[in-house]
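Asker: To start, I am sharing the structure in question, which I have written as structure tokens.
What follows draws every value from the coordinates through simple rules; no lab data is involved. Keep in mind that what you see is a predicted model, and the values were worked out from it rather than measured. Cβ placement follows ideal geometry from the backbone for every residue including glycine, while neighbour counts extend to all protein chains displayed.
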Amino acid sequence: MMPVSTWVYLIRHGEVERAAEGRFFGHTDVALSATGVLQVEAVARQLALEPIEAVYASDLLRARQSAAPLAGSRGLAPVELGALREMAMGRWEGLTFREIRQREPDVLERWLANFATLPFPDGETLEELQARVMPAFREILGRHPGRRVAVVAHGGTNRVILCDALGMPLGNILRLAQDYASWSVIEYRPETAILHTLNQRVAGIAAAPVEKTAVG
């Protein structure tokens, strides 16, 4: 008898308030925008027939709001995990690129050139994010062997999980698109992980017209 795979629907939260300003949100607790609410409701409808038995979410408001329609349609309550939070962005939280460049141009240039290894000022590195996220994620897999679950989190969180599944170095993390309210599907077999879907987006709901969307 062949071992049964565990499937994960990895979902990024919907568009957030003030998304058009392109701010770094990180651990800042910002709510979904009206568009974001429509997006996550559409995700719930599009995944309505998938046999998802549990829904996990970051404990930040935007992730909890995004998980609610998917879980509620199944009579479930999202399981909130602080370990699934976005990367901590330290003293840059709430600021735009322009504001950061005005305040700390030299620090910003060094960070942009070495983002894979340097922390956000007073925040986390990618390795620290990985060390926080992956044990919690593996525990989720361990709770649901052979079943299907959803994880609703953030751009950075999801990219770390995807890098791990694909065996990619963290330095390539930005090669993985993670749009608002997008979902990816990963099959975890006993010996390997298979990415079936990456960054599937809801159709027909316009996002904020920005050059750089809000980070986190």
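Asker: Report yes if some residue within the range 55-74 is among the hydroxyl-bearing types (Ser, Thr, Tyr), assigned to a loop (DSSP other than H, G, I, E, B) and free of Cβ contacts under 8 Å to residues at least 40 places away in the same chain; otherwise report no.
Answerer: Checked against the condition, which is being among the hydroxyl-bearing types (Ser, Thr, Tyr), assigned to a loop (DSSP other than H, G, I, E, B) and free of Cβ contacts under 8 Å to residues at least 40 places away in the same chain, the range 55-74 yields at least one hit.
Asker: Run residue 14 past the list (1) small (Gly, Ala, Ser); (2) within 23 Å of residue 161 (Cα to Cα); (3) assigned to a helix (DSSP H, G or I) and report the number of the one that doesn't hold.
Answerer: (3)
Asker: Another one. Taking the range 1-19 on its own, how many of its residues are over 15 Å from residue 148 (Cβ atoms) and either in contact with an Asp or Glu (Cβ under 7 Å, 6 or more places away or on another chain) or buried (at least 17 other Cβ atoms within 10 Å of the Cβ) (or both)?
Answerer: 7
Asker: So, one more: Filter the range 139-171 for residues that are out of contact with any helix residue (DSSP H, G or I) (no Cβ under 7 Å at 6 or more places or on another chain) and not in a loop (DSSP other than H, G, I, E, B) and give the result.
Answerer: The answer is 139, 140, 141, 142, 143, 148, 155, 158, 162, 165, 166, 171.
Asker: Taking residue 153 as the residue in question, decide whether it is crowded, with 22+ Cβ neighbours inside 10 Å, of a type outside the set (D, E, K, R) and touching a residue at least 12 places away in the same chain (Cβ under 8 Å).
Answerer: Answer is yes for this residue.
Asker: So which of 42, 136 ends up being touching a residue at least 60 places away in the same chain (Cβ under 8 Å), surrounded by fewer than 21 Cβ atoms within 10 Å (Cβ to Cβ) and part of a helix (DSSP H, G or I)?
Answerer: 42
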